[in-house]
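**Student:** Provided herewith is a single structure, encoded as structure tokens, for subsequent inquiry.
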Amino acid sequence: MAAKPGERKDQILQVLARMLEEPRAGKITTAALAAKLDVSEAALYRHFASKAQMFDGLIEFIEKTLFSLINKLAEEEKSGIRQVEGIIALLLGFAKKNPGMTRVLIGDALINENDRLQTRINQLHDRLEATLKQALRFAAGEREITADLDVSAQANMLMCYVAGRWHQFAKSGFKRDPMEYWEDQRKAILSNGVFRFGIPASG
């Protein structure tokens, strides 16, 4: 039985994501993608107007998945600090489970593609940073952290940490686990006084 249009589109995106998981994957061409799917390039263009539209589909999947999980976390977790911890762990865990998507998140897979795609990823990073800032503000409101802490600066630092772990994971050929050291680093970042009540750690 032939795949339905929606199923075929999903299949194309799944194969594209798998191709991005190859450590030495360079620029992926529609010809190579079509060969992996055992179809013609024309068949690809019946489902996507361009390769950029295929990457749009991957970015849309990332956005929907991440924010669905983040929203669920925010509804269930009543501690702002725990929300921050949960969001960071979620972002690192998503990369670990989706190596190919990590190359999209750091923009590595978008080099020489439509500039609009990198702009969209930049906007996604901004949204994630804003989400971290919102959780920090909630923590301040709950007196988990000092009210005069610069939440914008701290949210930016946390997002830089996440992006750095993503980058290290991708550039290591997916050998460096993005969750490596997270437990110790979580304590250093969030539990030793850097955030909590704004009191610097002693020593």
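**Student:** Which numbered condition trips up Asn192, out of (1) farther than 30 Å from Ala52 by Cα; (2) at pLDDT 90 or above; (3) of a type outside the set (Asp, Glu)?
**Tutor:** (2)
**Student:** Give the residue that is nearest to the chain's Cα centre (by Cα), with candidates limited to residues of the range 34-77 that are under 19 Å from Arg137 (Cβ atoms) and in contact (Cβ under 8 Å) with a residue 40 or more places away in the chain.
**Tutor:** It comes out as Phe67.
The values are calculated or read from the model by the stated rules, or taken from the named source; none is laboratory data. Small disclaimer: the values here were computed from a predicted structure and weren't measured. With ideal geometry, Cβ positions are generated from the backbone for all residues, glycine too; neighbour counts draw on all protein chains shown.
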